[in-house]
């Protein structure tokens, strides 16, 4: 009888110790915050951007809400959204997700929008439009060609008689600007009407061409 009482008392003490340290009963796990993930789909630095939050997840539940702040004062909601930025610049986009327990998670991504690239404008004049045979040197001047968002880097002159000249638009010699293709001359050996063409390229590789008729009589 005494041994049985001792066993019962020992078991009670053991259970009490387990209960004291939280070892009895099911283990409770606290709610986990969701993880927000942003995938930016953009063609170069285009102002039209798709933001995809579908890779966001919640380890112990589901995501019920996707809230986007697009960096220019505009907010949107939805797992995947499309947006057009009106102005060039750098924007920090924030996605906030909320799970079924009301917990939140956030992520940010940088988006860069560049201004549209502008083509250069080719323009030239010929010193003499109509000359007599024997005075066949024509001076071509393309100085008024321009590029509003950069510089012209190269040019091609096609004189209409099967001959052409091409090269750098300008170069710098000892710190001074020297014209290369910006101003050229050409000798026509036969009388006739020739279509001279100037093509220029800017620093982004955009071309522009213009023509002028030269008459050699």
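Can you name the residue in segment 144-166 that is in a loop (DSSP other than H, G, I, E, B) and over 32 Å from the mean Cα position of the chain (by Cα) and, of all such residues, is surrounded by the fewest Cβ atoms within 10 Å (Cβ to Cβ)?
It comes out as 162.
Select, from 46, 54, the only residue that is in a loop (DSSP other than H, G, I, E, B), modelled with pLDDT under 95 and out of contact with any helix residue (DSSP H, G or I) (no Cβ under 7 Å at 6 or more places or on another chain).
The match here is 46.
Limited to segment 191-217, what total is found for residues that are modelled with pLDDT under 95, within 34 Å of the chain's Cα centre (by Cα) and exposed (fewer than 13 other Cβ atoms within 10 Å of the Cβ)?
1
Against the condition touching a strand residue (DSSP E or B) at 6+ places or on another chain (Cβ under 8 Å), surrounded by fewer than 16 Cβ atoms within 10 Å (Cβ to Cβ), closer than 19 Å to residue 104 by Cα and touching a residue at least 40 places away in the same chain (Cβ under 8 Å), how does residue 53 come out, does it pass?
Taking the combined requirement at face value, the residue does not satisfy it.
Can you find a residue in segment 79-95 that is outside the structural domain of residue 177 (by TED's automatic domain parsing), over 22 Å from the mean Cα position of the chain (by Cα) and more than 30 Å from residue 188 (Cα to Cα)?
Scanning segment 79-95, I find at least one residue that is outside the structural domain of residue 177 (by TED's automatic domain parsing), over 22 Å from the mean Cα position of the chain (by Cα) and more than 30 Å from residue 188 (Cα to Cα), so the answer is yes.
Can you spot a residue in segment 27-35 that is surrounded by 13 or more Cβ atoms within 10 Å (Cβ to Cβ), modelled with pLDDT of 95 or more and within 17 Å of residue 103 (Cβ to Cβ)?
Taking every residue of segment 27-35 in turn, at least one turns out to be surrounded by 13 or more Cβ atoms within 10 Å (Cβ to Cβ), modelled with pLDDT of 95 or more and within 17 Å of residue 103 (Cβ to Cβ).
Does at least one position in segment 168-190 carry a residue that is buried (at least 18 other Cβ atoms within 10 Å of the Cβ), under 30 Å from residue 49 (Cβ atoms) and out of contact with any helix residue (DSSP H, G or I) (no Cβ under 8 Å at 6 or more places or on another chain)?
No, segment 168-190 contains no residue that is buried (at least 18 other Cβ atoms within 10 Å of the Cβ), under 30 Å from residue 49 (Cβ atoms) and out of contact with any helix residue (DSSP H, G or I) (no Cβ under 8 Å at 6 or more places or on another chain).
The values are calculated or read from the model by the stated rules, or taken from the named source; none is laboratory data. Nothing here was measured: the structure is a model prediction, and the numbers come from that model. Neighbour counts run over all protein chains shown; Cβ positions are idealised from the backbone, glycine included.
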